[in-house]
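Encoded as structure tokens, the structure appears first; notes follow it.
Nothing in this text is a laboratory measurement; each read-out follows from the coordinates by a stated rule. Here the structure is a predicted model, which is why all the values come from computation and not from measurement. Cβ placement follows ideal geometry from the backbone for every residue including glycine, while neighbour counts extend to all protein chains displayed.
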Amino acid sequence: MQSQTPIRPSLFDSPAGPNPLDQEHLLGRGIARVDGPLKVSGRAPYAYEVHDPSNTALVGVLVLSTVAQGSIRTLDAVAAEHAPGVRLVLTHRNMQRQGGPASEHCKPQMADATVRQNGQVVALVVADSFEQANAAAAMVAVAYDVKPALTDLAAGVPQATVPPPRSPSQPVDTNVGDFAQGFAAAAVKIDATYTTPHQAHAMMEPHASMAVWDGDHLTLHTSHQMLSTCAQTLASTLLLRPDQVRVLSPYIGGGFGSKLVTYADAILSATAARQLGRPVKIALTRPQVFGQTTHRTATIQRVRLGADADGTLRAIGHESWSGNQQGQTFYETAANQTRLLYAAHDRMTAHRQVRLDLPLASSMRAPGEAVGLLALECAMDELAERLRMDPVALRVRNDTQYDPEKGPSRPFSSRRLTECLHEGAARFGWEKRSPVPGQRREGQWLVGMGMASAIRNVALKPSNAEATLDGRGILTVGTAMTDIGTGTYTILTQIAGEMLGLPPERVVMQLGDTDLPEASGSGGSFGAASSGSAVYYACAQLRIALARRAGFDPARSRFENGQIIQDGRAVSLASLAGAQGIAATGGIKPGDLLKKYAQASFGAHFAEVGVDADTGEVRVRRMLGVFGIGRVLNASTARSQAIGGMIFGIGAALMEDVVPDRRHGDFVNHDLAEYHVPVHADVPAVEAYFVEEVDPIANPLKAKGVGELGICGAGAAVANAIYNASGVRIRDYPMTLDKVLAGLPDQA
Amino acid sequence: MRAFSYERPTQVAQAAHAATTHPDASYIGGGTNLLDLMKLDVAQPAHLVDVNRLPMERIELLNDGSLRIGALVRNSTLAADPHVRRHHAVLSRALLSGATAQLRNKATTAGNLLQRTRCYYFTDVSKACNKRVPGSGCEAIGGYNRIHAILGASASCIATHPSDMAVAMLALDAVVETDRRHIPIAELHRLPGDTPQIDNTLQPGELIVAVRLPPPVPSVQLYRKVRDRASYAFAAVSVAALIQARHGRIELARLAFGGVAHRPWRNHAAEQLLVGHAPSHALFERVADSVVTGAAGQGSNDYKIPLLRRTLVATLRQATEG
Ligand SMILES: Cc1cc2nc3c(=O)[nH]c(=O)nc-3n(C[C@H](O)[C@H](O)[C@H](O)COP(=O)(O)OP(=O)(O)OC[C@H]3O[C@@H](n4cnc5c(N)ncnc54)[C@H](O)[C@@H]3O)c2cc1C
Ligand code: SF4
């Protein structure tokens, strides 16, 4: 049920003035996660753990295609249908009518016999127990007519196409000045091609859903980052009206972009539950996650930098090729950050798309920057070396306070890159780095340092919230936002508490339910800013309502310790709320500040690595990131986000590589034993530090994004440290020991 | 996973009888390998004989100085055993380099020896694999084979044996004691040949009851495991080395290698090259050359040849340094 009265969101089209959040009594403090006790005691149910009270839920197991292209020749489900406990086997032959055609927000399953990728659903087996469904699923015999598949990005480059733009503000290509001429005329040039592999999100919780029907109304318990798009996808695919769908996702075991898309677990649990008249739950197995869900595409990136002898960049060119299935519009925006990071007169960026018949490519933490900076910031390191210039100094030299493509008419809302670079260099002991690689040796270890800049775009999305104060003085705040493990429950609690002068224990946050006011969801580092602003506006409305009820002037009253205070008079909020309680709603509607101002979070990464001179093994020894993220909403969760991103960077630099099998179009290393992400032993001292910053242009919280910034540039810092340690320059991520080994000198 | 029946006998003879008479029976120890394979439908035992109640959980020091390690001794217990740490350090080191603390707490000595290959295509039932389905083909050949064998492989199978513990035991000349005989560990695991479905020389239903280590060999004992991340990764290559030197000459050398072949690999001829000689880089290079003689890569695992060479040289250097 949506709230009775429509919410009137506030248009945010001019910089925020002073507001109660500036007090920072509660906001900013590193308070422990409010949902922490539930999680560590196992009382926060994740989608698959939700028990339907009717106790009648059935369990579905998916059967996925094992070829990349072709069609189902024969499908024999007779044995499965007659296996113990089996209630239903769905295939393309007996699927109910679905919406179409397939698109980002319409995901028909088993619509026909065509196989478009390895990992596509070809059957669903529903049984009384998981064991029965699983055993029966293994009995479904499918034979395919197989067609050749395109699985190699490099091989597809000659046939690459120009993808449609992702949005009006994100053109596919940009050209400013005359790149060819500027580059040709530059005194010092770098022209290097970097490759990054396919990567998997590898979030802890696999995708899972339970569908429960009440008449023609669907409730889906699932694990999704953006509930409104999930509900929309369910409605369009299952041919329902939006008001017939409720999506619940209060606890999410990580997403990293993977759970922005709605998959077969959601669609088919709903389909089967409708047909069987009983709740149905489906979870993907870990190997199925790799085929059925999305991944980050591999890229090939050519970076050209032309500079004067003093390091001033004259020309910057960045081209990127990435892959996706035919007809998909998502491409990796790997050159986008290059439009904003450094000044230079002549510049170009371009993106091209290669058809790959692999599982779907889509957003993974910091799509674009995460891999774009692996290339750009490595090229900057190469340029610094060519110039005999310190890599920090090179970046400082080319810092800018306005959008380098648009000119001074579009300044940055806030940009403290140079401060981050200097602060980081000082804290890290950068001056101890030898400019000549391979100079420092400790036993078998070659030790070196590297650094890179960090940038991640800032965004703001429409979001709404409702806030209700009851007669006990408890504030309940609801919004259809999600917390994917980032700490959203906690920061929203702090925002609400700050606004109403209440301690965290008097604030109840309700998230993850489409019956609550619609919100941005989690993605693109906009979640905190967007949903936090909605909570801010809802609470601001509640303050006005409370002040009025007290007969106070809303502009002159303070909220402290559960009281409203004006001119020495204090009234308790609980008494004002009374038995009926008092409620308000609010929301944010972004204006055009993102057009007028370039907005991004910035930072600087520093890494020290050891390279084993015998084996080429690389181990990170320490890392430091210094970031400007606007207001820090919670020192502890912000730090976790930052270092978590940096650890992603270690993974990208050293190990993450989900390898397609050329013949089958699936990912070979499709489990967490063989798809390597950093483990504890790979993550030594990793520290994050935030420079003082508030950004009133970003949003009323004056906060920018932090969820993805940590990964941006982190891997390049590690890569540059490998070079500094060993003298081995690798342009092909990840920098596994075999690649390092190939460049090492003979053993002495 | 398929439906199976289950029993948990308390006597060795009972267990062996059950496993021998029941068609498609399998022993289960810690289950850390077998259960994974059952969930993936790679292993489909119809009957499980749980060995965890059998009296095989002791580590005994025998009168002749040899050590008898019960088949059920957990990897973590064995690694922490004071006698093992002092006298068979290579074993302790190898164990601690493997898996994770949680897995080592569960994994048994026998189960570790008999764990199956980590070949990606073996564990994916949609792929052709001679080890899983004899005669179906080998998709690792011509596929992605970064973790595969460079020594002793065949045209039917290029899989590696993943155990670290077994490599150390091979260097220690361990003997596997079963319910019916003693098998030198060098004869336990096989090369794939054209029957890669057979990992080892055990007979149907044969139960490992213990592993015996001969009396300690006073020596520098190293286990060098090279891997793609700092922990929780199988060996790209590993070297177990026992080196005894006196008066500047090497008197005893035993070398075993992991991650390179279908079984833990040993090369006696290479060991002999060391004996009687003063340690030197040139000598180590000659030894390393002889170890990789005949080694062949399959594409993604080509790097293992120089890596094995260099790791061996580095290990020998370390074992003979001051
Ligand atoms: C993610 C992961 C990472 C790992 N990393 C490493 C690593 O780095 N290095 C490493 O060496 N290992 C590693 N392992 C493997 C681990 O060591 C093995 O899974 C474990 O040792 C197997 O022991 P278990 O007792 O659990 O065997 P089980 O799974 O119980 O059994 C394995 C096999 O042995 C047979 N068996 C068990 N006991 C007996 C007996 N008494 N007699 C005859 N047959 C028997 C079973 O029938 C089965 O075929 C890893 C495992 C995992 C899951
Ligand atoms: S290498 Fe061996 S285990 Fe791997 S696919 Fe080939 S036959 Fe199977």
- Residue-span extension gain [B:ARG180 to B:ASP50] - 0.36 nm each, minus C-alpha spacing: 44.9 nm
- For A:ASP592 and A:SER71 in the same chain, what is the full-extension length gain: residue separation times 0.36 nm, less their Cα-Cα distance, in nm? 182.8 nm
- Can you tell me the FRET efficiency between A:ARG663 and A:ARG569 if r is taken as the Cβ-Cβ distance and R0 is 60 Å, rounded to the nearest 0.05? 0.15
- Antiparallel DSSP bridges in the protein assembly as shown: what percent, to the nearest 5? 75
- Can you figure out the FRET efficiency of B:ARG190 with A:ARG29, using R₀ = 56 Å and their beta-carbon distance, to the nearest 0.05? 0.35
- The exposure ranking of B:CYS157, A:CYS539, fewest beta-carbon neighbours within 10 Å first, is B:CYS157, A:CYS539
- Specify the angular offset, from 0 to 90 degrees and rounded to the nearest 10, of the alpha carbon long axis of helix B:281-292 from the longest principal axis of the alpha carbons in chain B. 30
- Convex hull of segment B:220-320 built on C-alpha atoms - directionally averaged projected area, nm²: 6.3
- Query: Under a point-charge model restricted to the Cβ atoms of Lys and Arg (+1) and Asp and Glu (-1), what is the dipole moment magnitude of the protein assembly as shown relative to its Cα centre, in debye to the nearest 20?
  - Reply: 580
- Query: Once the protein assembly as shown is represented by equal point scatterers at the alpha-carbon sites, with solvent omitted, what log10 I(q)/I(0) does the Debye formula produce at q = 0.07, 0.08, 0.09 Å⁻¹?
  - Reply: -0.70, -0.90, -1.12
- Query: In whole Å, what is the distance between the alpha-carbon centres of segment B:36-75 and segment A:639-702?
  - Reply: 38
- Note on the structure: Surpassing 20 Å at the alpha-carbon level, of the pairs A:LYS739/B:LYS304; A:LYS589/A:LYS702; B:LYS127/B:LYS225; A:LYS739/B:LYS127; A:LYS259/A:LYS461, are B:LYS127/B:LYS225; A:LYS739/B:LYS127
- Item | Rounded Å value of the spacing that divides the Cα centres of segment A:79-102 and segment A:588-634 | 47
- Do any chymotrypsin sites (Phe, Trp or Tyr not before Pro) in segment A:221-288 lie in a DSSP loop with no more than 14 other beta carbon atoms within 10 Å, and if so, which? none
- Item | Neighbour-count ranking [beta-carbon atoms within 10 angstrom, fewest first] of A:SER10, A:SER54, A:SER258 | A:SER54, A:SER10, A:SER258
- Message: Assuming 0.36 nm per residue, please report the length gained on full extension of the stretch A:ARG286 to A:ARG93 beyond their Cα-Cα distance.
- Response: 66.8 nm
- Query: Ranking B:LEU37, A:LEU358 by Cβ neighbours within 10 Å, fewest first, what do you get?
  - Reply: B:LEU37, A:LEU358
- Using DSSP to define loop residues, name the GluC sites (Glu not before Pro) in segment A:284-390 whose beta-carbon has at most 14 other beta-carbon atoms within 10 Å. none
- Answer with one residue from A:GLN325, A:THR349, A:ALA335: the one whose Cα lies farthest towards the positive end of the charge dipole of segment A:284-405, charges on Cβ with Lys, Arg +1 and Asp, Glu -1. A:GLN325
- Query: How do the peptides A:16-29, A:599-612 rank, highest first, by the average count of neighbouring beta carbon atoms within 10 Å per residue?
  - Reply: A:599-612, A:16-29
- Query: To the nearest 0.05, how large is the calculated FRET efficiency for A:ARG43 and A:ARG410 if R₀ is 56 Å and r is the Cβ-Cβ distance?
  - Reply: 0.70
- Out of the DSSP beta bridges found with both residues in segment A:305-371, what percent are antiparallel (nearest 5)? 25
